[in-house]
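Since the structure comes first, as structure tokens, the remarks are kept for the end.
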């Protein structure tokens with residue numbers, strides 16, 4: 001039997017250790033904003049997105065159903081990973 005090495009990915013790893021080349025200033029600002037988040041991998045709800053974008057829940061649901069929006073449907077609840085939402089928000093207009 002061969003020894004199988006397991007690779008463990010630590011999501012709590014410091015973002016400082018990730019080598020990134022900055023082609024523009026916006027990427028650097030975005031990385032600094034992500035570093036300040038307590039847990040960038042939490043899932044947020046439709047209500048959280050609606051509150052952040054200052055729109056109604058019906059409009060937020062229509063955004064969650066867009067193909068370019070990185071949401072998932074868990075049962076009857078729509079969720080999006082916070083870091084994916086931030087990246088989407090900086091690249092798109094509503």
Within the range 65-94, restricting attention to residues that are in a loop (DSSP other than H, G, I, E, B), closer than 16 Å to residue 48 by Cβ and free of Cβ contacts under 8 Å to residues at least 24 places away in the same chain, which residue is nearest to the chain's Cα centre (by Cα)? 70
So, first residue surrounded by 10 or more Cβ atoms within 10 Å (Cβ to Cβ) in the range 15-36, second residue modelled with pLDDT of 65 or more and assigned to a loop (DSSP other than H, G, I, E, B), Cβ within less than 6 Å, six or more apart or across chains; the pairs are 34/40
If residue 55 satisfies every condition in (1) part of a loop (DSSP other than H, G, I, E, B); (2) within 13 Å of the chain's Cα centre (by Cα) but one, which is the exception? (2)
Reported set for the range 71-88 where residues are exposed (fewer than 14 other Cβ atoms within 10 Å of the Cβ) and touching a helix residue (DSSP H, G or I) at 6+ places or on another chain (Cβ under 9 Å) is 73, 77
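The values are calculated or read from the model by the stated rules, or taken from the named source; none is laboratory data. Predicted model only: the values in this text are computed from it and were never measured. Cβ atoms come from the backbone with ideal geometry, glycine included; neighbour counts cover every protein chain shown.
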